[in-house]
Amino acid sequence: MKLQQLRYIWEVAHHDLNVSATAQSLFTSQPGISKQIRLLEDELGVEVFARSGKHLTHITPVGEVIIEVAGDILRKVESIKQVAQEFSDEKQGTLSIATTHTQARYALPPVIRRFREQYPDVALQLNQGSPAQLAELAQEGDVDFVIATEGMELFNDLVMMPCYRWYRDIVVPKGHPLTEKATLTLADVAAEPIVTYVFGFTGRSVLDSAFMAEGLDPNVAFTATDTDVIKTYVRLGVGVGIIASMALDPEIDDDLVALDASHLFESSVTHIGFRRGTFLRKFMLDFIEWFAPHLDRRKVEEAVACSTRIEREKLFAELELPIR
């Protein structure tokens, strides 16, 4: 059994069983990949892939297990490479992050700037997506870190740590009737067409829960994954916006008015996480601490030592998170 063969079955499985596309991505030949997969199957005495003629049709049940184990092995090999690189040159490498637009646009820039100043030779890769997409990227080993607020149940296999707490604002154009309200209520907001995040993004579930608890049926007129898009449609008069407070820029958004909604909706907590077994290089630990100063090396090691999500929640239960 060769490491190369494990790489081939893993890559074929993640290229929709398209051997030709896999060969292109690995800069090798299609017959070479097919031959190595057959040699591996012959050695194991089982088929990893079912076939119809020369075409792969699906992954066999035993193949699913083999490919999962192969993924674990390949990730451990990558960790070995990172260990070696850390000792040969601790300021070179790659750091890949998966997060949502709001985090990428409003929370990460100061950290990225500091990181680039300290580690100019580390290549940064930023991926954006839904919580489900972020979880898949992390679990498949395509990214080092995930930064997310929603869908924590999707990240049970990751070491997830709380970073900061944040609240929401109701955003309206200047002169909007809601700006005249002495005390804003959920009923006031529900009476307006609403422009906010797509379900599953940036704390949207908290909004739905709040309206449901009050027996209100809000008129969600427009949803988007991008906070800047939400603000654009508020400007167009489509409705009132509900966004993360940190996503309003006083200079750029001076034509909008932010109404504090911290009394209407519960706060949300943003987490950062990584796969178990990940070797955390110094620049990775620095990134975590710069993003969340309470997550120093000792605290991260304590989180890694927790065997379950419940243990980690207890570890951070009494921690007073910063507010953004």
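The values are calculated or read from the model by the stated rules, or taken from the named source; none is laboratory data. Remember, predicted model here, so these are calculated numbers, not experimental data. Heads up, the Cβs are rebuilt from the backbone with ideal geometry, glycines too, and the neighbour counts pull from every protein chain shown. Heads up: the accessible areas ignore ligands, DNA and RNA and are worked out on the full protein's heavy atoms, side chains in. Shrake-Rupley method; radii C 1.70, N 1.55, O 1.52, S 1.80 Å.
The table that follows gives values for the structure above.
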quantity	calculated
Segment 178-196, subset touching a residue at least 60 places away in the same chain (Cβ under 8 Å) and under 24 Å from T102 (Cα atoms), residue most open to solvent (accessible area, probe 1.4 Å)	L186
Any hit, segment 251-266, residues being in contact with a strand residue (DSSP E or B) (Cβ under 7 Å, 6 or more places away or on another chain), in a strand (DSSP E or B) and under 28 Å from A135 (Cβ atoms)	no
Filtered residue count, segment 311-324, keeping only those that are over 30 Å from L248 (Cβ atoms), within 21 Å of the chain's Cα centre (by Cα) and open to solvent by 60 Å² or more (accessible area, probe 1.4 Å)	1
Residues located in segment 293-310, provided they are surrounded by 13 or more Cβ atoms within 10 Å (Cβ to Cβ), over 20 Å from the mean Cα position of the chain (by Cα) and within 19 Å of M152 (Cα to Cα)	C306
Which listed residue is under 30 Å from L95 (Cα atoms), among the aliphatic types (A, V, I, L, M) and touching a helix residue (DSSP H, G or I) at 6+ places or on another chain (Cβ under 7 Å), from A148, A190	A148
F279 vs. criteria assigned to a helix (DSSP H, G or I), within 21 Å of the chain's Cα centre (by Cα) and in contact (Cβ under 8 Å) with a residue 24 or more places away in the chain	no
Elements of type strands (runs of 3 or more DSSP E) contained in segment 122-177, each with 1 or more residues being open to solvent by 30 Å² or more (accessible area, probe 1.4 Å)	122-128, 158-166, 168-173
Segment 94-140, residues that are among the aliphatic types (A, V, I, L, M), out of contact with any strand residue (DSSP E or B) (no Cβ under 9 Å at 6 or more places or on another chain) and either closer than 14 Å to G273 by Cα or at pLDDT below 85 (or both)	A132
Filter result (under 19 Å from E136 (Cβ atoms) and open to solvent by less than 40 Å² (accessible area, probe 1.4 Å)) within segment 276-292	T278
Every residue from segment 203-225 that is outside any helix (DSSP H, G or I) and buried (at least 19 other Cβ atoms within 10 Å of the Cβ)	G203, P218, V220
Pairs with Cβ under 6 Å, 6+ apart, first in segment 1-23 and open to solvent by less than 30 Å² (accessible area, probe 1.4 Å), second modelled with pLDDT under 90 and part of a loop (DSSP other than H, G, I, E, B)	T22/H15; A23/S29
Residue within segment 247-254 that is touching a Lys or Arg at 6+ places or on another chain (Cβ under 9 Å), within 24 Å of E153 (Cα to Cα) and modelled with pLDDT under 95 present	no
Unique residue being open to solvent by less than 40 Å² (accessible area, probe 1.4 Å), touching a Leu at 6+ places or on another chain (Cβ under 9 Å), closer than 21 Å to I97 by Cα and not hydroxyl-bearing (S, T, Y) when the list is I272, I242	I272
